[in-house]
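Q: Quick one: this structure, given as structure tokens, is what I'll be asking you about.
The values are calculated or read from the model by the stated rules, or taken from the named source; none is laboratory data. These numbers come from a predicted model, not from an experiment. Virtual Cβ from ideal backbone geometry, glycine too; neighbours counted across all protein chains shown. Heads up: the accessible areas ignore ligands, DNA and RNA and are worked out on the full protein's heavy atoms, side chains in. Shrake-Rupley method; radii C 1.70, N 1.55, O 1.52, S 1.80 Å.
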Amino acid sequence: MAEIDWHARADQLQCDGRALIAGVRTASASGETFEKRSPVDGRVLAQVARAWAADVDAAVASARAAFADGRWADQAPARRKKVLQRFAELILSHGEELALLETLDMGKPVAQSLAVDVAASARCINWYAEAIDKVYDEIAPTGPGALALITREPMGVIGAIVPWNYPMIMAAWKIGPALAAGNSLIVKPSEKSPLTALRLAEIALEAGLPAGVFNVVPGFGHEAGEALALHHDVNAIGFTGSTRIGRKMLEYAGRSNLKRIFNELGGKSANLVFADFNDLERAAQTAAGAIFYNQGESCNAPSRLLVEASIADEFVARVVALSARYQPGDPLLADCAMGAIVDEAQLNTVLGYIEKGHGEGARLVAGGMRMRDASGGFFVAPTVFDGVKNGMTIAREEIFGPVLSVLRFDSEDEAIAIANDSPYGLQAAVWSSSLDRAHRVARKLKVGTVHVNQYDDDDITVPFGGTGQSGNGRDKSLHAFDKYTELKTTWIRLQ
Ligand code: NAD
């Protein structure tokens with residue numbers, strides 16, 4: 001197959017940044033827009049509608065009307081399945097366009113956008129489409145005098161507020177189960193990456209989803225996002241983003257209608273490598289690959305590498321050597337291993353943490369600087385700090401960039417204590433050739449997912465989410481339906 005000239009396509013790209021409300025592309029009520037520039041090279045991609053309360057009101061009214069007249073919620077599950085399957089097919093057939101948009105919008109390598117983000121989003125929508133006519137309700141074992149039906153009903157109007165690091169996948173994890181269950185939906189994408197969500201909603205219309213069921217309001221968090229989370233006619237918010245804003249979500253619910261809040265928040269995941277693991281090169285490759293993938297902008301990135309002291313020097317040397325493979329490159333070239341940081345503000349945040357690492361006494365052993373300045377984009381070298389203590393800022397706070405902190409431990413108990421000494425609890429990994437140790441340690445780690453002898457193996461069939469300040473929601477798997485359905489009991493007395 002001929003290689004795609006992504007630069008040529010990027011030069012021809014025309015983006016529509018208007019909101020999508022009630023099935024129609026719509027300017028913001030105020031007429032205001034904001035300029036969306038690409039972190040790849042600084043080019044202007046679109047003037048995006050700057051939605052605020054009036055636009056959110058219109059989107060919620062559209063979603064509520066669609067829910068109330070049952071144009072989607074009352075369709076047979078098998079019918080909803082067909083529409084969503086078609087939606088998934090169309091995501092794939094628009095894959096190259098979506099991949100290019102995603103890359104230009106937030107900076108990741110276009111080959112990854114196509115192979116991972118487009119494919120995973122389509123698979124997610126298709127999986128929930130397939131599931132919806134296979135899940136049954138319950139009858140409670142109440143005894144012969146009663147028939148108690150426990151049914152799941154769609155909640156109504158769902159708000160999905162999503163981040164910029166995997167704009168399409170994070171949206172799809174909410175769109176799939178929310179729509180499959182029969183809800184209406186308003187997606188508020190990040191102001192840093194609004195373009196693919198807008199296209200997804202158009203593609204859903206093309207697939208036959210009735211107008212008004214899936215709306216997108218782009219805009220800033222404290223404007224469009226806050227208005228959506230405070231809205232009295234929204235039943236639940238599926239939020240993915242930072243812990244700081246997750247806290248606000250809970251406040252917004254308290255200040256408005258006590259809507260349900262499902263928070264999927266940040267992480268500072270620990271990757272525990274024991275000396276008894278029999279393939280340290282594979283462990284090192286995974287440690288480097290998982291922190292530098294997506295420019296380190298992954299909630300579950302294993303940003304704390306905990307290594308048993310007896311192998312630490314050798315292991316760190318391997319990781320440092322491997323980090324060279326992730327030098328940032330042009331995200332529009334097929335062989336790019338690491339792309340651009342999402343914007344200048346995030347670039348400065350990452351560089352600020354690198355400064356802090358130096359200042360607090362960690363030892364820089366790889367990277368540590370901005371790169372490719374002349375491109376007009378925002379790139380950071382893959383960076384490794386050794387000699388990190390768990391009290392240092394770079395071990396405690398989420399950096400959300402390609403920065404790895406290496407900590408050393410002497411015993412299993414110490415490793416577990418360091419791993420659990422974090423406000424976050426998203427994921428962790430254990431590398432050990434002892435089955436006993438792997439199980440023992442996995443049980444004691446206070447996180448939503450423990451990886452054993454791998455990192456980030458993943459499937460739509462398994463739940464994704466954390467504990468502690470990493471949040472409480474679970475995306476993916478059938479458990480996601482818990483967020484977008486109400487349990488209802490209908491109790492019938494039998495004579
Ligand atoms: P963020 O919290 O700044 O923003 C997330 C979304 O919330 C955006 O759409 C933003 O516009 C909106 N928002 C911001 N302020 C708001 C407000 N006051 N009211 C309502 N909405 C508001 O996060 P981010 O920088 O976009 O994303 C990175 C964060 O997301 C990281 O902490 C990362 O760990 C987390 N994340 C978590 C998961 C997970 O599944 N646990 C997955 C991906 C990303």
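Q: Enumerate the calculated ³J(HN,Hα) couplings along region 81-88 in order (Karplus 6.51 cos²θ - 1.76 cosθ + 1.60, θ = phi - 60°), each rounded to whole Hz, writing x wherever the residue is Gly or Pro.
A: 4, 4, 5, 6, 5, 5, 4, 4
Q: While we're on this one: With the contact rule set at Cα under 8 Å and sequence spacing of 6 or more, what percent relative contact order holds for the chain?
A: 18 percent
Q: Of all DSSP beta bridges in the chain, what percent run antiparallel (nearest 5)?
A: Percent antiparallel among DSSP bridges in the chain is about 45.
Q: Of the listed peptides 174-186, 423-435, 132-144, what is their order by residue-averaged count of other C-beta atoms within 10 Å, with the highest listed first?
A: 174-186, 423-435, 132-144
Q: Quickly rank 159-170, 442-453, 266-277, 228-239 as a protection proxy: mean count of other C-beta atoms within 10 Å, highest first.
A: 159-170, 266-277, 228-239, 442-453
Q: Quick query: amide H of Thr33 versus all other amide H atoms, modeled in the peptide plane; which residues come in under 5 Å with a sequence gap of 5 or more or a different chain?
A: The list, which skips near neighbours in sequence, is Arg50.
Q: Could you run the Karplus curve 6.51 cos²θ - 1.76 cosθ + 1.60 with θ = phi - 60° over region 394-403 and give me ³J(HN,Hα) per residue in whole Hz, x for Gly and Pro?
A: In residue order, the calculated couplings are 6, 9, 9, 9, 6, 8, 6, x, x, 10 Hz.
Q: How much net charge surrounds Ser411 when only other residues with a Cβ under 14 Å from its Cβ are counted (Lys, Arg +1; Asp, Glu -1)?
A: With Lys, Arg at +1 and Asp, Glu at -1, the net is -2.
Q: Calculated from DSSP H runs of 4 or more alone, at -39500 (n - 2.57) each and per residue, what is the 222 nm mean residue ellipticity of the chain, nearest 500? Could the numbers behind the result be given before it?
A: On the way: 16 runs with 181 residues, N = 495.
Result for the chain: -11000 deg cm²/dmol, rounded to the nearest 500.
Q: I've got another one for you. For Asp137 and Thr151, compute 0.36 nm times the residue count separating them, minus their Cα-Cα distance, and round to one decimal in nm.
A: 4.5 nm
Q: Give me a comma-separated list of calculated 3J(HN,Hα) values for region 227-244, in order, Karplus coefficients 6.51, -1.76, 1.60 applied at θ = phi - 60°, integers in Hz, x for any Gly or Pro.
A: Result, rounded to whole Hz: 4, 5, 6, 8, 5, 7, 10, 9, 7, 7, 10, x, 10, 10, x, 7, 5, 4.
Q: Report, in cubic angstrom per residue, the convex hull volume of the C-alpha atoms of region 208-271.
A: Residue-normalised Cα hull volume stands at 126 Å³.
Q: Residues with amide H under 5 Å of Leu45's amide H, sequence separation 5 or more or different chain, H placed in the peptide plane at 1.01 Å from N; which?
A: The answer is Lys36, Arg37, Ser38.
Q: I've got another one for you. Between 0 and 90 degrees, rounded to the nearest ten: what's the tilt of helix 195-206 against the longest Cα principal axis of the chain?
A: With both axes taken from Cα atoms, the answer is about 30 degrees.
Q: Please compute the contact order of region 182-221 in relative form: average sequence separation of alpha-carbon pairs under 8 Å and at least six residues apart, divided by the residue count, as a percent. Numbers along the way, then the final one.
A: Numbers: 41 pairs, mean separation 25.3, N = 40.
It rounds to 63 percent for region 182-221.
Q: Let's see if you can work this out: charge +1 on each Lys and Arg Cβ, -1 on each Asp and Glu Cβ, no other charges. What is the dipole magnitude of region 1-91 about its Cα centre, in debye to the nearest 20?
A: 440 debye
Q: Let me ask something additional. Would you mind calculating the relative contact order of region 1-137 from Cα pairs under 8 angstrom and at least 6 residues apart, reporting the percent as a whole number?
A: Once normalised by length, the contact order is 22 percent.
Q: Then there's this: Dipole of the chain (Lys/Arg Cβ +1, Asp/Glu Cβ -1, origin at the Cα centre): which of Ala337, Ala19, Gly376 lies farthest to the positive side?
A: Of Ala337, Ala19, Gly376, it is Ala19.
Q: Suppose we keep just the DSSP beta bridges with both residues in region 11-73; what percent of those would be antiparallel, to 5?
A: In region 11-73, DSSP labels about 90 percent of beta bridges as antiparallel.
Q: Follow-up question, since we're still on this one. Write down the accessible area per residue of region 399-495 in Å², having rolled a 1.4 Å probe over the full set of protein chains. Intermediate values should be presented prior to the final figure.
A: On the way: 4620 Å² over 97 residues.
Dividing the accessible area of region 399-495 by its residue count gives 48 Å².
Q: Let me ask something else about it. Can you pull the three principal axis extents for the Cα set of region 342-393, in Å, largest first?
A: 35, 19, 14
Q: Express in Å², to the nearest 10, the accessible area of Asp457 obtained by rolling a 1.4 Å probe over the protein heavy atoms while all chains stay in place.
A: Looks like 110 Å² after rounding.
Q: While we're here: Name the residues whose placed amide hydrogens come within less than 5 Å of the amide hydrogen of Gly448, ignoring near sequence neighbours (fewer than 5 apart) on the same chain.
A: Excluding prolines and chain starts, which carry no amide H, the hits are Leu426, Gln427, Thr467.
Q: Quick one: helix 309-323 against the long Cα principal axis of the chain, what's the angle to the nearest 10°, folded into 0 to 90?
A: Roughly 70 degrees between the two axes.
Q: Also, I was wondering about something else. Heavy-atom accessible area per residue, region 158-284, 1.4 Å probe: how many Å²?
A: 25 Å²
Q: Of all accessible surface on the chain at a 1.4 Å probe, what whole percent is carbon and sulfur?
A: Carbon with sulfur: 52 percent of the solvent-accessible area.
Q: Taking the convex hull of the alpha carbon atoms in region 129-236, what volume per residue do you get, in Å³?
A: Spread over its residues, the Cα hull of region 129-236 gives 130 Å³ apiece.
Q: Using a simple spin-label model with points 7 Å from Cα along the Cα→Cβ vector, what separation in nm is obtained for Asp458 and Arg282?
A: Result: 2.1 nm between the two label points.
Q: With Cβ to Cβ distances under 12 Å as the rule, what net charge do the other residues near Ala68 carry (K, R +1; D, E -1)?
A: Once positives and negatives cancel, what remains is -1.
Q: Given all pairs of different Cα atoms, what value in angstroms does the Kirkwood hydrodynamic radius of the chain take?
A: About 23.4 Å for the chain.
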